[in-house]
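Worksheet: one structure, shown below.
The values are calculated or read from the model by the stated rules, or taken from the named source; none is laboratory data. None of the values given here were measured: they were computed from a predicted structure. As a convention, Cβ positions derive from the backbone with ideal geometry for all residues, glycine included, and neighbour counts pool all protein chains shown.
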Amino acid sequence: MTETLDVSRETLEKLRVYVDLLKKWNPRINLVAKSTIENAWSRHIEDSLQVFHVKQLPVGKWTDIGTGGGFPGLVAAIVAADIAPAMEFSFIESDQRKCAFLRTVLRETGTRATVLAQRIETAPAQGADILSARALADLPTLLGFAELHRSPSGVALFPKGATWEKEVKIAQESWRFELEVLKSRTSPDSVILKIGEIARV
């Protein structure tokens, strides 16, 4: 699977370090579902890479909320270090153990990012040009988080599964937003929702 990733050799080595740490830490703090760990490259790394490639460079700041095991934010930070080193990354994660994991991967891969061990609702506003979240909450809740942490011109990138259309309909009852739906390359039922111009109805 690693041979299909369009990244530099140095970045690929960093991603290998990341996956090794994920497998080492996962039994203790449940970073990802146990059933997905053996397919980590396709289920988590490649899935996160496609989110990174949705954005248009240059991007000033990328904030990932509810980062957990680091998807997609930490993967994006590792890749960006090679091709867009001026980008800033911040991760908001309330679980201290998961924050320790994220900091360990950052240290072991030599990647720069800020880890905020706080709740999304109470963390300082990030003013993010890109806001991402994966497997965190339903779309109406995510849009509330985007209102807190996205810059006025920023874009939200939310990978979603088979129920995404239902979530969009419910969200449109309370929110106005521009929406672009991008088909996932890693799962036939999944999409990436690219959302901008977010405002409450």
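Within region 101-125, which residues are under 17 Å from Val32 (Cα atoms) and out of contact with any strand residue (DSSP E or B) (no Cβ under 9 Å at 6 or more places or on another chain)?
Selection gives Phe101, Thr104, Val105.
Listed residues Ser42, Ser48, Ser35; which is touching a Gly at 6+ places or on another chain (Cβ under 9 Å) and of a type in the set (S, T, N, Q)?
The unique qualifying residue is Ser48.
Here's the yes/no breakdown for (1) in contact with an Asp or Glu (Cβ under 7 Å, 6 or more places away or on another chain); (2) not charged (D, E, K, R):
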{"site": "Ala123", "(1), (2)": "no, yes"}
{"site": "Asp138", "(1), (2)": "yes, no"}
{"site": "Lys166", "(1), (2)": "no, no"}
{"site": "Ala171", "(1), (2)": "no, yes"}
{"site": "Pro188", "(1), (2)": "no, yes"}
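Need pairs with beta-carbon distance below 8 Å; first residue under 23 Å from Asp82 (Cα atoms) and within region 95-122, second aromatic (Phe, Trp, Tyr) and modelled with pLDDT under 95; sequence gap 6+ or separate chains.
none
So, of the residues in region 110-138 that are under 28 Å from Thr163 (Cβ atoms) and basic (Lys, Arg), which turns out to be nearest to the chain's Cα centre (by Cα)?
Arg134
Residue by residue through region 147-170, note down the ones that are closer than 13 Å to Ala133 by Cβ, touching a helix residue (DSSP H, G or I) at 6+ places or on another chain (Cβ under 8 Å) and in a helix (DSSP H, G or I).
Glu167
May I ask you to verify whether Ser35 is in a helix (DSSP H, G or I), more than 22 Å from Phe158 (Cα to Cα), at pLDDT below 95 and small (Gly, Ala, Ser)?
The answer is yes for Ser35.
Looking at region 139-159, I want the residues that are more than 21 Å from Lys183 (Cα to Cα) and have a partner that is among the charged types (D, E, K, R) and outside any strand (DSSP E or B) with Cβ atoms under 9 Å, at least 6 apart or on another chain. Which pairs are those?
These pairs meet every condition: Gly144/Glu121; Phe145/Glu121; Leu148/Glu121.
I'd like the residue in region 75-134 that is charged (D, E, K, R) and touching a Gly at 6+ places or on another chain (Cβ under 7 Å) and, out of all such residues, is farthest from Asp20 (Cα to Cα).
So, considering only residues that are charged (D, E, K, R) and touching a Gly at 6+ places or on another chain (Cβ under 7 Å), the one farthest from Asp20 (Cα to Cα) is Asp129.
Among the residues of region 75-110, write down those that are in a loop (DSSP other than H, G, I, E, B) and buried (at least 22 other Cβ atoms within 10 Å of the Cβ).
Within region 75-110, Met87, Glu93 qualify.
Within region 168-184, is there a residue that is touching a strand residue (DSSP E or B) at 6+ places or on another chain (Cβ under 9 Å), in contact (Cβ under 8 Å) with a residue 40 or more places away in the chain and under 19 Å from Ser48 (Cβ atoms)?
Yes, there is a match, as at least one residue in region 168-184 is touching a strand residue (DSSP E or B) at 6+ places or on another chain (Cβ under 9 Å), in contact (Cβ under 8 Å) with a residue 40 or more places away in the chain and under 19 Å from Ser48 (Cβ atoms).
Can you tell me which residue in region 118-141 is surrounded by the fewest Cβ atoms within 10 Å (Cβ to Cβ), limited to those that are closer than 17 Å to Lys61 by Cα and among the small types (Gly, Ala, Ser)?
Taking the candidates together, the pick is Ala125.
Among the residues of region 3-12, are any over 14 Å from Ile83 (Cα atoms), modelled with pLDDT of 90 or more and of a type in the set (A, V, I, L, M)?
No: region 3-12 contains no residue that is over 14 Å from Ile83 (Cα atoms), modelled with pLDDT of 90 or more and of a type in the set (A, V, I, L, M).
Evaluate region 17-29: report whether one residue or more is of a type outside the set (A, V, I, L, M, F, W, C) and within 23 Å of Ala128 (Cβ to Cβ).
yes
Pick from region 45-68 the residues that are among the small types (Gly, Ala, Ser) and over 16 Å from Ile83 (Cβ atoms): which of them is surrounded by the most Cβ atoms within 10 Å (Cβ to Cβ)?
Gly68
If you scan region 171-191, which residues turn out to be among the β-branched types (Val, Ile, Thr) and in contact with a helix residue (DSSP H, G or I) (Cβ under 6 Å, 6 or more places away or on another chain)?
Thr186, Val191
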